[in-house]
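Colleague: Quick one: the structure is below, questions incoming.
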Amino acid sequence: MRLAAISDIHSNVYALDAVLADIRKRGADVVVNLGDILYGPIAPRSTFELLMENDLVTVRGNQDRQIYEASSVEIASNPTMQFILADLGVEPLKWMRNLPFNLQLNEHVFLCHGTPNDDLTYLLENIDSGRAIVRSDNEIVSLLGTIQSDVVICGHTHTPRAVKTSTKQLVVNPGSVGLPAYTDDEPVVHSMESFSHHATYAIVENNKEGWSVQHIKVDYAYDKAAREAKKRNRLDWVHFLTTGRGL
């Protein structure tokens with residue numbers, strides 16, 4: 001089995017188009033999408049339409065929920081959310097509501113956004129210090145809970161990483177297609193950084209030697225994405241998109 005894993009597109013249709021083209025060139029039996037798909041000040045509707053043209057297995061992310069669960073107060077205080085909802089229309093909201101929280105893809109592979117039980121928790125990283133530090137083996141195994149799949153593919157942190165646990169499970173984060181860095185203040189102020197503008201995804205493949213992982217960085221027209229973010233006064237996103245660094 002040869003899987004292409006993508007995550008955290010964040011409405012960046014330019015990055016998504018380049019990544020899908022690279023996947024077609026390299027080949028994959030299945031493409032999986034780990035969520036956080038349409039939230040962002042770039043091109044939500046165009047991103048949705050491009051996804052609908054492709055056959056992807058998709059799970060829901062926390063910021064997918066944030067879009068369709070947004071209250072009138074939250075919308076009124078968030079110009080980016082106002083743009084997203086106006087741009088999307090009804091159909092993408094219905095699609096996101098129907099996405100699974102997590103998914104047992106087959107007997108070997110399990111998909112989730114954050115952890116198997118929480119889309120807001122980072123599975124592989126501890127950020128208490130304000131920077132991403134890989135969790136201990138015990139922490140990761142505890143967060144996996146009852147999941148015993150050989151391979152667990154997650155997203156959420158925008159950080160390409162592969163960790164083999166003491167339970168002989170391979171946990172893979174493909175990084176972010178559409179947003180190479182961000183700074184957040186929950187649960188503490190922290191930055192997740194890739195240090196370049198590239199769109200990132202992973203190829204996860206099973207062969208006679210076992211499971212292998214390739215983390216792939218794809219160049220794309222990131223200046224176009226940055227211009228769209230600038231139109232929505234998201235200069236923080238312009239910085240993230242062009243530098244791969246947090247604030």
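The values are calculated or read from the model by the stated rules, or taken from the named source; none is laboratory data. Keep in mind that what you see is a predicted model, and the values were worked out from it rather than measured. Backbone-built Cβ (ideal geometry, glycine too); neighbour counts: all protein chains shown.
Colleague: Among the residues of region 128-142, count how many are loosely packed, with under 13 Cβ neighbours inside 10 Å and either modelled with pLDDT of 95 or more or touching a Cys at 6+ places or on another chain (Cβ under 8 Å) (or both). Even if it seems obvious, please write down each step before you answer.
Modeller: We begin by selecting, within region 128-142, every residue loosely packed, with under 13 Cβ neighbours inside 10 Å; these are 128-130, 133, 136, 138, 142.
Narrowing the set further to residues that are either modelled with pLDDT of 95 or more or touching a Cys at 6+ places or on another chain (Cβ under 8 Å) (or both) leaves 133, 136, 138, 142.
Qualifying residue count, region 128-142: 4.
Colleague: Among the candidates 151, 188, 163, which residue alone is β-branched (Val, Ile, Thr) and crowded, with 19+ Cβ neighbours inside 10 Å?
Modeller: Numbers: 188 fails: crowded, with 19+ Cβ neighbours inside 10 Å; 163 fails: crowded, with 19+ Cβ neighbours inside 10 Å.
Answer to the selection: 151.
Colleague: Another question, if that's okay. Here is a list of conditions, (1) assigned to a helix (DSSP H, G or I); (2) touching a residue at least 12 places away in the same chain (Cβ under 8 Å); (3) surrounded by fewer than 16 Cβ atoms within 10 Å (Cβ to Cβ), and residue 227 meets all of them except one; can you say which number that is?
Modeller: Looking at each condition in turn, residue 227 falls short on (2).
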